[in-house]
Structures are given as C-alpha cells and as structure tokens.
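Peer 1: Here it is, the structure, as structure tokens.
The values are calculated or read from the model by the stated rules, or taken from the named source; none is laboratory data. Please read these numbers as outputs of a predicted model, since none were measured by experiment. Note: ideal-geometry Cβ built from the backbone for every residue, glycine included; neighbour counts use all protein chains shown. Remember, those area values only see protein heavy atoms, side chains included, never the ligands or the DNA or RNA. Shrake-Rupley method; radii C 1.70, N 1.55, O 1.52, S 1.80 Å.
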Amino acid sequence: MISVGDTLPNATFTRLGTEGPEAVELSTLTNGRKVAIFAVPGAFTPTCHSAHVPSFIRTKDQLSQKGIEDIICVSVNDPFVMKAWGEATGAETAGLTLLADAESSFTAAIGMQFDAPPAGLLARSKRYALLAEDGVVKVLNVEENPGQCELSAGEALLDALG
C-alpha cells in the first residue's frame, strides 16, 4: 500500500466532459500543485453519499486557505455515474473534481483495492484521504472499515494540516 513519502503513480481517470467521456491524467492535476484526494467505495452508497463527500464540501474553503488547490474524489465507477453523483451531492457545484477509476487501475496500483461480495462491491477502493504536494504523498488517512468516515473525512485532513 502507498504510504507517506511515496510518489503517486501515473494514472488515467475518466470524467464526463461537454463532448462525452474524457481522459484525465493524474499528473496534470498534481504536478507542481497541492491537492487533496479522497476515495470512496462507491458513488451513491450510504456513507460515501451522506458523510464523505459532504465533509469535503464543508471543509473546501478551509482547505483552500491551507493551500489546497483542488479536492479530487476518486471512485471505481463509470464517468456517467460520477457526473450524476456530483450533481446529486452538490460536489460539482461546490467545485470538487470527481474522477472515475472504472477499471480500478489506480486503486490497485496504490494498494487500496478491496472486495465486499455480500454488498455487491468488487474491486472497489478502500476509503481514504490524502494530501499530495507535487505528486508526493504528505498525509495519508485510511479507514479500517469502509462503512466509517472519520479518519478520511475532510475535517480530519484539515486537522492534519495544522
């Protein structure tokens, strides 16, 4: 699993643009920038929808004051679902960047993949939040239980920044 001090791997995500699905290189969002990245097991799932995304909407302005230039949410969903979820949660209006890791390639590359067959979740992401500066992980908060959102909440990342 990725840890503090590691460099994020190069990854290609997908998002829904004006012309349809478009590729987004993680490096274009992280190179020379300070960003928060948080990941959820699935869009529209209870904790992700009612706790995790709202925590970053609530703390967006405070994180920006600490130098965070972008807040990126990653989920192993398709870009159509991520677009609809961004609209449903208000994340899109709030200015959060929602990216689809549909093949779970980034999630697997950083060692955050898990399966929960009883819930119908396969090759999903553990719940975490991290701070990266120029692509290097400076803070990493990983939840032990995917149904919890405490260590990975926006407030916890804000506290870690001092």
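Peer 1: Looking only at segment 105-123, count every residue that is in contact with a Leu (Cβ under 9 Å, 6 or more places away or on another chain), open to solvent by less than 50 Å² (accessible area, probe 1.4 Å) and either basic (Lys, Arg) or over 17 Å from Val35 (Cβ atoms) (or both) and tell me the total.
Peer 2: Counting residues in segment 105-123 that are in contact with a Leu (Cβ under 9 Å, 6 or more places away or on another chain), open to solvent by less than 50 Å² (accessible area, probe 1.4 Å) and either basic (Lys, Arg) or over 17 Å from Val35 (Cβ atoms) (or both) gives 2.
Peer 1: Restricting attention to segment 63-80, which residues are part of a loop (DSSP other than H, G, I, E, B) and open to solvent by 60 Å² or more (accessible area, probe 1.4 Å)? Reasoning before the result, please.
Peer 2: If we filter segment 63-80 for residues that are part of a loop (DSSP other than H, G, I, E, B), which is where we start, we get 66-69, 76-78.
Correct list: Lys66, Glu69, Asp78.
Peer 1: Would you confirm whether or not segment 54-62 contains a residue that is open to solvent by 10 Å² or more (accessible area, probe 1.4 Å), at negative phi, touching a residue at least 24 places away in the same chain (Cβ under 8 Å) and in a strand (DSSP E or B)? Don't jump to the end; show me each part of the working.
Peer 2: Within segment 54-62, the subset open to solvent by 10 Å² or more (accessible area, probe 1.4 Å) is 54, 57-58, 60-62.
After this cut, where a residue has to be at negative phi as well, the list is 54, 57-58, 60-62.
Pick out the ones that are also touching a residue at least 24 places away in the same chain (Cβ under 8 Å) and you get 54, 57-58, 60, 62.
Still in the list and also in a strand (DSSP E or B): none.
No, that holds for no residue.
Peer 1: Let me ask something else. Looking at segment 104-120 only, could you name the residues that are among the hydrophobic types (A, V, I, L, M, F, W, C) and in a loop (DSSP other than H, G, I, E, B)?
Peer 2: Ile110, Met112
Peer 1: Let me ask something else about it. Out of all the residues in segment 124-140, is one or more among the basic types (Lys, Arg), open to solvent by 30 Å² or more (accessible area, probe 1.4 Å) and under 14 Å from the mean Cα position of the chain (by Cα)? Don't jump to the end; show me each part of the working.
Peer 2: Going through segment 124-140, the residues among the basic types (Lys, Arg) turn out to be 124, 126-127, 138.
So of that shortlist, the ones also open to solvent by 30 Å² or more (accessible area, probe 1.4 Å) come out as 124, 126, 138.
Next, from what is left, pick out any that are under 14 Å from the mean Cα position of the chain (by Cα): 124, 126.
Yes, segment 124-140 has at least one match.
Peer 1: Is it the case, given these coordinates, that Leu8 is touching an Asp or Glu at 6+ places or on another chain (Cβ under 7 Å) and at pLDDT 95 or above?
Peer 2: No; evaluated as a whole, the condition is false for this residue.
Peer 1: Determine which member of the set Gly86, Gly111, Gly42 is under 15 Å from the mean Cα position of the chain (by Cα), over 18 Å from Gly135 (Cα atoms) and modelled with pLDDT of 95 or more.
Peer 2: Details: Gly111 fails: over 18 Å from Gly135 (Cα atoms); Gly42 fails: modelled with pLDDT of 95 or more.
None of the others qualify; the one that does is Gly86.
Peer 1: To continue, here is another question. Kindly indicate the residue of segment 1-45 that is outside any loop (DSSP other than H, G, I, E, B) and of a type in the set (S, T, N, Q) and also farthest from Asp101 (Cα to Cα) among those meeting that condition.
Peer 2: Step one: filter segment 1-45 for residues outside any loop (DSSP other than H, G, I, E, B), giving 7, 12-17, 20-30, 34-40.
Among the residues that remain, those that are also of a type in the set (S, T, N, Q) are: 7, 12, 14, 27-28, 30.
Working: Thr7: 18, Thr12: 8, Thr14: 7, Ser27: 15, Thr28: 16, Thr30: 16 Å.
Selected residue: Thr7.
Peer 1: Taking the options Ala132, Ala123, name whichever one is touching a residue at least 24 places away in the same chain (Cβ under 8 Å), out of contact with any Lys or Arg (no Cβ under 9 Å at 6 or more places or on another chain), among the small types (Gly, Ala, Ser) and not in a loop (DSSP other than H, G, I, E, B).
Peer 2: Values: Ala132 fails: out of contact with any Lys or Arg (no Cβ under 9 Å at 6 or more places or on another chain).
Answer to the selection: Ala123.
Peer 1: Return the residues of segment 135-151 that are assigned to a loop (DSSP other than H, G, I, E, B) and of a type outside the set (D, E, K, R); say none if nothing qualifies.
Peer 2: Correct list: Gly135, Asn145, Pro146, Gly147, Gln148, Cys149, Leu151.
Peer 1: Right, Leu161: buried (at least 16 other Cβ atoms within 10 Å of the Cβ), over 14 Å from the mean Cα position of the chain (by Cα) and not β-branched (Val, Ile, Thr) or not?
Peer 2: Numbers: buried (at least 16 other Cβ atoms within 10 Å of the Cβ): yes; over 14 Å from the mean Cα position of the chain (by Cα): yes; not β-branched (Val, Ile, Thr): yes.
For Leu161, the condition - buried (at least 16 other Cβ atoms within 10 Å of the Cβ), over 14 Å from the mean Cα position of the chain (by Cα) and not β-branched (Val, Ile, Thr) - is met.
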